[in-house]
Amino acid sequence: MKNIRIGIISFAHMHANSYAAAVKALAGAELVAIADEDRLRGEDAAKRFGASYYADYRQMLALDIDAVIVTSENVRHLQMVEDAARAKKQVLCEKPIATTVADAKRMIATCREQGVILQTAFPVRFSPPVRRAREVVQAGQIGKVVAIRGTNHGRNPGGWFVDRALSGGGAVLDHTVHVIDLMRWFTGSEIRTVYAEVGTCFTSGDIDDVGLLTLEFENGIIASHDPSWSRTSSFPTWGDVTMEIVGTGGVTRLDALAQHMTLHSEAKHHTSYEPWGDSFDDGLIADFVDCVREKRAPSISGEDGLRALEVALAAYESARTGRPVTL
């Protein structure tokens, strides 16, 4: 079986490290090259993961590789994905897929025109609790779904994430898309209206770190979502991904990060949650590699990334105007 040869464009996003580790651990995949304009960061990553380093990602695209993973600052996704598509490389793009709807649509169109895969990085779909909860919902075990409450709390990551020119937004953009994707995946329905309150409570600056979204789906389901960067550095974990799904015949609750131990460390004088179970990122990378090898449509498409982005951007518009936004 021929190895699927992969390059990673930029280690700006912290997920690049876990994706690289997943590629290295996966039989039938090979991490060939890492490109990063930040030489120190790129050379360090290349050394740690045993890959060649390129300062210019376009040079890497000229190599004999099958696919790339784009984990740059959000605003740079458009150019990098389009360049990769034109070089006939299959693409896995970090979420959010883009910072504007127009950019996301361009990325999707370019990949379609060039005949390459565009998969959105929504690794939480590969959480065992998430998959089990979806099975329960789709089997009708809680009856007809009428309401959903979701959270994706986290810590403020700092750096370029709080620079709107590079990120496109704060907590609402960063932490809305994961759970919106799960809600769409569970229900098979699109979101019709979005009302949101957005603000800055935990940090200084003009970037949002808190938000609360209220949603109505086309099939009548109502939902709420809290994407806030409200976790302090002393909290046992960076955050959470949770959902409570209410049906006419029962309720099911999921915690995507439930597979963990609680560690009370004398050395660090800190309590932390240490994961022991299946890795979301391993599942995402294995699925992407299978898509590339089998030349099939991605299980999480560019359109999935677009739909989640639309909701996050509608939340900002709602908060700005004080009115619900219809999609």
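General remarks:
- Counting only helices (runs of 4 or more DSSP H) wholly contained in the stretch 62-163, the ones carrying 2 or more residues that are surrounded by fewer than 23 Cβ atoms within 10 Å (Cβ to Cβ) and at pLDDT below 95 occupy 128-138.
- Selection from the stretch 201-229 of residues that are of a type in the set (S, T, N, Q) and either closer than 13 Å to V311 by Cα or modelled with pLDDT of 95 or more (or both): T214, N219, S224, S228
- With respect to (1) of a type in the set (A, V, I, L, M); (2) closer than 21 Å to L212 by Cα; (3) over 18 Å from the mean Cα position of the chain (by Cα), the lone exception for V124 is condition (3).
- Filtered residue count, the stretch 256-289, keeping only those that are on the phi < 0 side of the Ramachandran plot, surrounded by fewer than 15 Cβ atoms within 10 Å (Cβ to Cβ) and without any contact (Cβ under 8 Å) to a residue 24 or more places away in the chain: 10
- Hits in the stretch 23-45 - residues which are assigned to a helix (DSSP H, G or I) and under 23 Å from the mean Cα position of the chain (by Cα): V23, K24, A25, R41, G42, A45
- Residue in the stretch 248-262 that is closer than 21 Å to E190 by Cα and part of a loop (DSSP other than H, G, I, E, B) present: yes
- Selection from the stretch 164-217 of residues that are in a strand (DSSP E or B) and of a type in the set (D, E, K, R): R192, E197, E216
The values are calculated or read from the model by the stated rules, or taken from the named source; none is laboratory data. From a predicted model like this one, the values you see are computed outputs, not experimental measurements. Cβ: placed from backbone, ideal geometry, glycine included. Neighbour counts: every protein chain shown.
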